[in-house]
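A short reminder: the numbers here are calculations on the coordinates, not readings from a lab. On a predicted model such as this, the values are computed, not experimentally measured, just so you know. Reconstructed Cβ throughout: ideal geometry from the backbone, glycine too, with neighbour counts over all protein chains shown.
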Amino acid sequence: MTTLAHRLLRLAGERVWRVRFVRFVAMGVVNTLFGYGVFFVALRSGVAPTLALAIATIIGVAFNFFSTGDVVFGNGDPSRLWRFAAAYGAVFVVNAGALEALAMLGVEAALAQAALLPACVCLSYILNRTLVFTSAAREARS
């Protein structure tokens, strides 16, 4: 590739990275890998699956808060952690309810969760933008 092509690709990448939702999805991938890694390690260490999930969720919320707050919204203020955890819990409740409803309709769990993922990501983004990191979102728009 030419130098011009490299510059154009870098510029396009920088522009894409400036889009908060793109950063949110990218950090979501990182957060998911981290959370699953904690779950997997706990499980392989002999911890019961439900306890491993609880451990991964608690550690994951803390990790996700700082990565999402800092990278996506530019605000990792620890005083916002309780709101982040509440938003995380709300998304979990909505997700679990929808998953149950789809299961009652006969949709296989893995397929149902895959279908619910986009809506849950959008809900999570909206809750974080409007309830958790509100001032950071307002400052970025101005």
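Data table
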| quantity | calculated |
| --- | --- |
| Around Ala87: net Lys/Arg minus Asp/Glu count, Cβ-Cβ under 12 Å | +3 |
| Net charge of neighbours whose Cβ lies under 10 Å from the Cβ of Leu131, counting Lys and Arg as +1 and Asp and Glu as -1 | +3 |
| Sequence-separation-based contact order of the range 20-141, relative, with Cα cut under 8 Å and 6+ spacing, percent | 25 percent |
| Two-site FRET efficiency, Leu81 against Thr130, from Cβ-Cβ distance with R₀ of 22 Å, rounded to 0.05 | 0.85 |
| Length released on extending from Cys122 to Val25, taking residue separation times 0.36 nm less the Cα-Cα span | 34.0 nm |
| Distance (nanometres) between label positions extended 7 Å along Cα→Cβ at Ala103 and Leu51 | 2.3 nm |
| Charge dipole (the range 20-141, unit charges on Cβ, about Cα centre) - positive-most of Ala112, Ile59, Val71 | Val71 |
